[in-house]
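Here's the structure we're looking at; comments come further down.
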There are 2 protein chains.
Amino acid sequence: MPVNLKPPVAAQLLPVPGISLGVAEAGIKQANRKDLLVMQLCEGASVAAVFTNNRFCAAPVVVAREHLGSAEGVRALLVNTGNANAGYGERGVKDARITCAALAGLLGCKANQILPFSTGVIMEPLPVAKIAAALPSAVANMHSDNWLAAANAILTTDIVAKGISKQIVINDVTITITGISKGSGMIHPNMATMLGYIATDAAIAQPLLQSMVSEASDQSFNCITVDGDTSTNDALMLIATGKSDLPEVNEGDSDAASILQAAINEVATYLAQAIVRDGEGATKFITVRVESGKSYEECKQIGYAIARSPLVKTAFFASDPNLGRILAAIGYAGIADLDVAALKLYLDDVLVAENGGRADSYREEEGQRVMQKSDITIRVVLNRGNEEATLWTCDFSYDYVKINAGYRS
Amino acid sequence: MPVNLKPPVAAQLLPVPGISLGVAEAGIKQANRKDLLVMQLCEGASVAAVFTNNRFCAAPVVVAREHLGSAEGVRALLVNTGNANAGYGERGVKDARITCAALAGLLGCKANQILPFSTGVIMEPLPVAKIAAALPSAVANMHSDNWLAAANAILTTDIVAKGISKQIVINDVTITITGISKGSGMIHPNMATMLGYIATDAAIAQPLLQSMVSEASDQSFNCITVDGDTSTNDALMLIATGKSDLPEVNEGDSDAASILQAAINEVATYLAQAIVRDGEGATKFITVRVESGKSYEECKQIGYAIARSPLVKTAFFASDPNLGRILAAIGYAGIADLDVAALKLYLDDVLVAENGGRADSYREEEGQRVMQKSDITIRVVLNRGNEEATLWTCDFSYDYVKINAGYRS
């Protein structure tokens, strides 16, 4: 079950002026569930994106990148779940284009003004006919108040919908930011098996919007791991509709830009953490914080060695303070000149290791006490510099194996 | 249960003249099991080693390295299971030295002529008194015919003992090589949670012996992974007693050296594969072969991305040909200029993917047929060079989680 994560209620997800959303049942993988989302954007909305760096990137990623680069302006996003349209070569790209054209026909725009997204099983053909048949119903269903339905429609193995809204005031104008995301396996940075959509009614100049989505992504979705597998389909989209009364924000407006960036980061971090909290089979949410390193990169490298270790993750699942496994992970993280005698390891507030081994003050009961919690912080203090990195992961349970062994059945 | 792996019977493990082995019950972790091994070497025996590159290397590794470097000559190896003597700082090193001194006293040699090895739980103090108390009984038990007992005494979560002997003839002299190893979790190259001991009665010059153990290790123990965790304690030892009638082999004797190397590689490969076949929770043995790459390194990098992927490994556990997960792993392996449309993916003899996606000829029933087997080969043909690499791994099952969640209980 998700770790300390409740789905939002509809009233918590605020409409973003300029955006309307419609869902439908295309019957792609399961019957009787909404598996198709159309998100229509007002004319003049700006869109910026970060995509997976997997070399086997899926067909919709190829097409979405291409369409984002065209000068026509994005008018809608089309998302299906149940099938990733990945690993199907040229046919996959053709299929993605067909669905874009079908939606464009209904909305009265061009096919290259549609961005397609797919998530689900890899290497099976996209059921184009089913999607095309369901599109009219999704379009008929469009409403600005449909964010919760949208959050539900994009889920795969997720247990709960993930969404959040935040409002900020800039120069007396209230700005709304609403975001939704989905996980929940094949989660590893750059990016994860994840889709994230964040929209605001602020007007944001395109270069700033792109730098904002990159920064938000680096601080959130690129700091999580469930299983170390980087998906073929990941995408984080940041949409600025410009429907608020605030004049367009650009890189020169440092105050407005930094207030917006902070709020967008907050939404992105919530959505990224929600993916981990609902990680496949997760029973614990683990924050890994590596401090006082020589560089951000080495902190992240050590953090990921811990966060990816099946041995560390199964120990957390068992609530067993077998904390030597964390030391072992630090040791194999690949930092050649690491002085293991200089570092300290904490579990929440409990000092576990120092001087190259177990701390004299450490008592098993203390480790056991922290291990019983569902939100736990592993803190490694390297004592060799001033940089730090924070990552989020979950434990590794029977249910992860169960979910992934039976995924297609 | 181990995948197509039976323990050796005593008669299959041939004595190596110059070596005698004794085991005893020290009661380190479990009652009523032999958990202590003494391997005595004749005077003049040569020893070469490869150790873990984990920065948190365990105390016995520190001490064994140091003793190997001394000029006195190694006279015995001391191995305990149940406790890794790792992550215990200075005290761990002192404890390892105490056990060496205790054994040296019994054998009439110096403490720095003993190499200590430990495997088991990390970050708990080594029960030195229990080990010292059991040493006389291990020494009293020493016999050249004790290889199977030795193979059993070093196991941790392993289900079956691992050992093999091979005889070769060089210049009409029969040479014996016998090896034993243990796994079976925290297995990842450079090295694995593994101990391996290979001994021969050939006389081999020290520099050649060192290059032989490195080559054997690179082709065997450094090509396996169970869970991606690199242990703190790994060691592979190659011992040459020189008790055969064959004159000392050195780097100039290319024929004799290459016959010996091939036989040692074969023994090491058997022992390494046995560790994977008995990998924690393994139900399938998977060979990952990456061919026609630009470099050995990129082949290995892609191979490990596949071999480490929890999604790939759970699919094999389920016998589910969800083979897109293999494509995804190839895609995130980090080869920036990889042309995914150029590669071919085979499962045993079945062509699964080409031209960037599922092969037209591929039929799910064919994938299903191969997936039912317990020994399966994943073959990736990159079509961009002449190098190749082969790795071995196992699937990821409920039992892996069970074993590692409950390891200390």
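The values are calculated or read from the model by the stated rules, or taken from the named source; none is laboratory data. Since this is a predicted model, take the numbers as computed values, not measurements. Please note: Cβ atoms are built from the backbone with ideal geometry, for glycine as well, and neighbour counts cover all protein chains shown.
Summary of values
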{"item": "Boolean, A:Val3 is over 30 Å from B:Gln301 (Cβ atoms), not small (Gly, Ala, Ser) and not assigned by TED's automatic domain parsing to the domain that holds A:Lys162", "result": "yes"}
{"item": "Lone qualifier among A:Ala149, A:Ala153 - being crowded, with 24+ Cβ neighbours inside 10 Å and either in the same structural domain as A:Arg308 (by TED's automatic domain parsing) or at negative phi (or both)", "result": "A:Ala153"}
{"item": "Within region B:357-371, tally of residues that are at pLDDT 95 or above and either in contact with a Cys (Cβ under 6 Å, 6 or more places away or on another chain) or over 14 Å from B:Leu323 (Cα atoms) (or both)", "result": "1"}
{"item": "Selection within region A:338-370 - within 12 Å of chain B (Cβ to nearest Cβ), under 22 Å from B:Ala405 (Cβ atoms), touching a strand residue (DSSP E or B) at 6+ places or on another chain (Cβ under 8 Å) and not in a strand (DSSP E or B)", "result": "A:Tyr362, A:Gly367"}
{"item": "Test for B:Lys300: is it away from chain A (no Cβ under 12 Å) and more than 25 Å from the chain's Cα centre (by Cα)", "result": "no"}
{"item": "From the options A:Arg65, A:Arg91, residue that is charged (D, E, K, R) and away from chain B (no Cβ under 12 Å)", "result": "A:Arg65"}
{"item": "One residue from B:Lys284, B:Lys300, B:Lys294 being in contact with a helix residue (DSSP H, G or I) (Cβ under 7 Å, 6 or more places away or on another chain) and charged (D, E, K, R)", "result": "B:Lys284"}
{"item": "Residue match in region B:379-387 (condition: of a type in the set (S, T, N, Q) and in contact with a helix residue (DSSP H, G or I) (Cβ under 8 Å, 6 or more places away or on another chain))", "result": "no"}
{"item": "Test: residue in region A:89-107 that is under 19 Å from A:Ile177 (Cα atoms) and touching a Pro at 6+ places or on another chain (Cβ under 9 Å)", "result": "no"}
{"item": "Candidates A:Lys294, A:Lys300, filtered to the one that is in the same structural domain as A:Ala333 (by TED's automatic domain parsing), in contact (Cβ under 8 Å) with a residue 40 or more places away in the chain and under 29 Å from A:Ala86 (Cβ atoms)", "result": "A:Lys300"}
{"item": "Test result for B:Ala10, in contact with a Leu (Cβ under 9 Å, 6 or more places away or on another chain) and of a type outside the set (Val, Ile, Thr)", "result": "yes"}
{"item": "Test set (1) assigned to a strand (DSSP E or B); (2) away from chain B (no Cβ under 13 Å) - A:Thr119 fails condition number", "result": "(2)"}
{"item": "So B:Leu311, is it modelled with pLDDT under 90 and touching a Leu at 6+ places or on another chain (Cβ under 9 Å)", "result": "no"}
{"item": "Unmet requirement for B:Arg379, which otherwise passes all of (1) more than 9 Å from every other protein chain (Cβ to nearest Cβ); (2) in contact with an Asp or Glu (Cβ under 8 Å, 6 or more places away or on another chain); (3) part of a loop (DSSP other than H, G, I, E, B)", "result": "(3)"}
{"item": "Entirely in region A:26-108, the strands (runs of 3 or more DSSP E) that have 3 or more residues that are touching a residue at least 60 places away in the same chain (Cβ under 8 Å) and more than 14 Å from A:Leu126 (Cβ to Cβ)", "result": "A:36-41, A:46-51"}
{"item": "Residue check for A:Ile275: within 18 Å of the chain's Cα centre (by Cα), within 25 Å of A:Leu21 (Cα to Cα) and not small (Gly, Ala, Ser)", "result": "yes"}
{"item": "Selected residue [in contact with an Asp or Glu (Cβ under 7 Å, 6 or more places away or on another chain) and not β-branched (Val, Ile, Thr)] from A:Gly183, A:Gly196, A:Gly120, A:Gly179", "result": "A:Gly183"}
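Listed here are the residues, each with its yes/no results for (1) buried (at least 21 other Cβ atoms within 10 Å of the Cβ); (2) touching a strand residue (DSSP E or B) at 6+ places or on another chain (Cβ under 9 Å); (3) not acidic (Asp, Glu).
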{"position": "A:Lys6", "(1), (2), (3)": "no, no, yes"}
{"position": "A:Ala10", "(1), (2), (3)": "no, no, yes"}
{"position": "A:Val16", "(1), (2), (3)": "yes, yes, yes"}
{"position": "A:Leu21", "(1), (2), (3)": "yes, yes, yes"}
{"position": "A:Glu25", "(1), (2), (3)": "no, yes, no"}
{"position": "A:Gln30", "(1), (2), (3)": "no, yes, yes"}
